[in-house]
Each structure stands twice: as structure tokens, then as C-alpha cells.
Amino acid sequence: MKSFVTIKEGSATHWAIRLVVAAAIVWLAIRIPTVWEAGTISTAIDALTLMAAAMALNLVLGYAGQISIGHSAFLGIGAYTTGIMVSRWGFSPWLTFPVAFAVSFLLGVIVSFPAARIKGVYLALVTLALGLVFPQMMTWKKLAWLTGGGSGLPVSCPATGVSRTCPGTEVPTTGFNIGPAAKGQMETFEIFGWKPFGNLQRPDNKAAFYYWIAAIVAVVVYLCCRGVVKSRIGRSLIAIRDNETAAAVMGVNLVSTKAFIFGISAGLCALPGCVKAITTGGVSPEGLVSITVLGAITFLIVMVIGGAGSLWGPVIGAVLYVFINDKTGTWDKDEKIPGLFRPLLSWAEVAPADGIFALLLILLMFVAPRGLVGMWKQYSPLIVRVVPRPAGAGGAAIALATA
């Protein structure tokens, strides 16, 4: 199959293209919080948290080939860890990120032990049970002293008197207590005396502040996933996904590798949960759909549409998912539906986003079973082909330089 353009990997042209793409991404990331309004920035925050959760799931499902429908529980652990530590105990939201990672990592390792011995639909049922049980546990009356029960966090204390479940020292939010500095609240965010966001009481400034938190978390999750995939562990994961027996014969420790990847995936999935608790200011199963099984299914849809087993698949899938939801969110009214689609969608009384994604999934299974990224990898060589370096070229160059 011939290509119009052929580029050698590592050449000046290849690096120029990569730098242009990186510059475009950085330009867009900076433009979003500086030009867009608070409502649009909030949509971008949703996309960032969704892609971070999908990237974490991609390690288990896309690379290791282990089905998980319970990653919403790990995101919920992150959200509730932040909510409890901030609203109950008065910790800074920044400190909740490593704690949430550690707690979710430990639970992920525990879940990995039955996962190491079962596969397929049985593994899906085990993880589904985790996703179903978690919201019920958080609303359990015997844990209400910690989780807030059905109403969630933060718990509203009575104006007078102190109750046993509400000691009176709670912070009225699960995130940053933004307000006038005269009342002891957070009015600005300073970095060595620099106040990049100004007065956080303004909606646009507050949204920009939350946006950069979500963006940093998404970048950290991406770099961690990339580091795992490009390492020896990543090659072991792909071997396990393709053929567990052959991987074991080649010396891959199946139990320890699955335990590690489940733990890392769970820990990384908790980080966007912390972001959810910070940006929404409250945590409850009813208020955060992402911590229910529906959230886990959404992560799965995002990953499949973008492309499982690829680093950029969850990113593209999350952007597409949030974009379609945002654009079709008001299509429950006939006058809001564009004229071209009105004859097809005017009969519905709800926004058609879920139906659109259902049709898109069916279409992708026939046209691009590996998602949008897989389709790009399949057809892009017709236009431009990147010729990889010959095996051992890097080592030969180093040896020549040394000589």
C-alpha cells in the first residue's frame, strides 16, 4: 500500500509535526480558561475528569484485557476520600489526592486476586458487584456518621446545638472553601505571591482555577499510563491480553502483574474522583452519577469509541462524548433540534445523546471495531506513513558516538 508522503521516525520532519501538534494542544488548553465562559469551562472540566477515568480503565481493559465494570467505585473512593477529609476533618484538598490514590490502590490490589483466577463474564460480574455495592455502602445508615448517609457530604449542621453526627467543626464544602478573606475563607490562590486567577469569588475565575486542577490531574494520569505502557510491565500486559498461557511460559508472573495493574488503575481512577468532589462541592450517589455503575458504563463507552488499547483513545472518546452531550442536551424540545434532524428526533421527549452514542457504537463495531484511533491507524498510511527506525538503530548510534 503506497502513501502520498513517507516520513522517517525521528527525522526533522517527524519532530516538527510532533512539536506542531503539541503546540496546538497547549494553545487550546490555555485558551479554554482565558477566553471561554464559566459554563463552557465547566464542560471542559467534565471532559478532563472523564478522560482521566477512562485512561485509568484503559490500563486494565485495553492493555491487560481484563473486563472491569466497577471502576466507578474507585472514582467514588476518591470523591468520598476528599469529601470526608475536607468536610469532616478539615484537611486541605491538596492532601487528599495521595491518600485517595493509596486507598484505591490497596482496594484494587485486593480485587485483583479473584481477577487473577477468573476471566470473561465471571470477571465482569465480580467488578459489576463492586460497582453496585459501593453506592449502597456509602448510603448505609451505620456509616452515616462518616459518609453522610443518603444526603451525602458535606453534612449541614444545625444553627444551634451540636449533634453526635455533626460535631460542628465541619467545612461547608468538600472542596476549597472559597469566600471573603475577612471570614477566614479562600479568596485568592497564590503561588509565591503570584495570584494567577484573581478573586476566586468571580464565577469565571473560580471555573478557571478548577479547570487547571482537572487539567493537571488528566496530564498526570496520562503520563503515568504512558510510563506503564512503555515499560516492561506494559509489554507484559499486552502478552497477558493476547495469550495468558504463552505469557506465563515466557516468565510473566500473572498474579503480581495483574495485581500491580489493577492497583495502579484503581489509584489513578481515584484522582478524577477527587476533582469531582472539589469542583462540585458535594459528594453523594445521587449528585455524582460517575460514582454509580452508570458512570462505569460511561467510562467503557468513552474508551471503546476512542479506541481501547491506545493512549489517545480515551482522550478523543471523552471529548467526543462530552461534546455530543453538550450540543444535544437541549434537544428535548422540538424548536431546539436543527431542521435537518427534526424529522428523526422530534418524536422523543428526552435529549437524544444516549441514542446517538448507541447508534455510533453499533456503527463503529462494523466500520472501526478498534475505535476512532484504530480507524486512524488503519487508514492514515494511505496519506502519510511513518517508517519506524530499524531495530537496534539507537544502540548502533550510541556505540558509534562512543567510539
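The values are calculated or read from the model by the stated rules, or taken from the named source; none is laboratory data. In this text, all values refer to a predicted model and were calculated from it rather than measured experimentally. Reconstructed Cβ throughout: ideal geometry from the backbone, glycine too, with neighbour counts over all protein chains shown. Note: accessible area is taken over every heavy atom of the protein model, side chains too, but ligands, DNA and RNA are not part of it. Shrake-Rupley method; radii C 1.70, N 1.55, O 1.52, S 1.80 Å.
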Scanning the stretch 118-153 for residues that are among the aromatic types (Phe, Trp, Tyr) and out of contact with any Ser or Thr (no Cβ under 6 Å at 6 or more places or on another chain), the one nearest to Thr81 (Cα to Cα) turns out to be Phe134
Filtered residues of the stretch 180-222 (kept if basic (Lys, Arg) and buried (at least 16 other Cβ atoms within 10 Å of the Cβ)): Lys206
Restricting the first residue to the stretch 358-371 and requiring it to be open to solvent by 40 Å² or more (accessible area, probe 1.4 Å), which pairs with a second residue that is outside any helix (DSSP H, G or I) and among the hydrophobic types (A, V, I, L, M, F, W, C) meet a Cβ separation below 9 Å and a spacing of at least six or different chains? Arg370/Ala308
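Give the number of residues within the stretch 229-259 that are aliphatic (A, V, I, L, M) and farther than 24 Å from Leu106 by Cβ.
Adding up the residues that qualify gives 7.
Looking only at the stretch 226-244, decide whether some residue is within 15 Å of the chain's Cα centre (by Cα), in a helix (DSSP H, G or I) and either closer than 24 Å to Phe101 by Cα or modelled with pLDDT of 95 or more (or both).
yes
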Per the filter on the stretch 1-59, residues closer than 26 Å to Phe97 by Cβ and part of a loop (DSSP other than H, G, I, E, B) are Trp36
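Can you say whether Ile324 is modelled with pLDDT under 90, β-branched (Val, Ile, Thr), outside any loop (DSSP other than H, G, I, E, B) and surrounded by 15 or more Cβ atoms within 10 Å (Cβ to Cβ), as far as the supplied structure shows? Walk me through how you get there before you give the answer.
Details: modelled with pLDDT under 90: yes; β-branched (Val, Ile, Thr): yes; outside any loop (DSSP other than H, G, I, E, B): yes; surrounded by 15 or more Cβ atoms within 10 Å (Cβ to Cβ): yes.
Yes: the conditions hold for Ile324.
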Residue under evaluation Glu286, criteria (1) open to solvent by less than 40 Å² (accessible area, probe 1.4 Å); (2) under 30 Å from Thr139 (Cα atoms); (3) charged (D, E, K, R), criterion not met: (1)
Is one or more of the residues making up the stretch 237-247 open to solvent by 70 Å² or more (accessible area, probe 1.4 Å) and acidic (Asp, Glu)? yes
I'm told Gly317 meets every condition in (1) open to solvent by 40 Å² or more (accessible area, probe 1.4 Å); (2) at pLDDT 70 or above except one. Can you identify the failing condition by its number? (1)
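Can you tell me which residue is farthest from Gly65 (Cα to Cα) among those in the stretch 248-269 that are assigned to a helix (DSSP H, G or I) and open to solvent by 30 Å² or more (accessible area, probe 1.4 Å)?
In the first step, residues of the stretch 248-269 are kept if they are assigned to a helix (DSSP H, G or I); the result is 248-249, 254-269.
Keeping just the survivors that are open to solvent by 30 Å² or more (accessible area, probe 1.4 Å) gives 248-249, 254-256, 260.
Details: Ala248: 15, Val249: 18, Leu254: 12, Val255: 14, Ser256: 15, Phe260: 14 Å.
Across the stretch 248-269, the extreme among qualifying residues is Val249.
For the stretch 66-147, list the helices (runs of 4 or more DSSP H) that sit wholly inside it and hold at least 1 residues that are open to solvent by less than 10 Å² (accessible area, probe 1.4 Å), at pLDDT 95 or above and within 26 Å of Glu244 (Cβ to Cβ); which are they?
Numbers: elements: 71-83, 93-115, 121-138, 144-147.
In the stretch 66-147, the matching helices (runs of 4 or more DSSP H) lie at 71-83, 93-115.
Could you please let me know if Gly281 is at positive phi and either modelled with pLDDT under 95 or open to solvent by 10 Å² or more (accessible area, probe 1.4 Å) (or both)?
Details: at positive phi: yes; either modelled with pLDDT under 95 or open to solvent by 10 Å² or more (accessible area, probe 1.4 Å) (or both): yes.
Yes.
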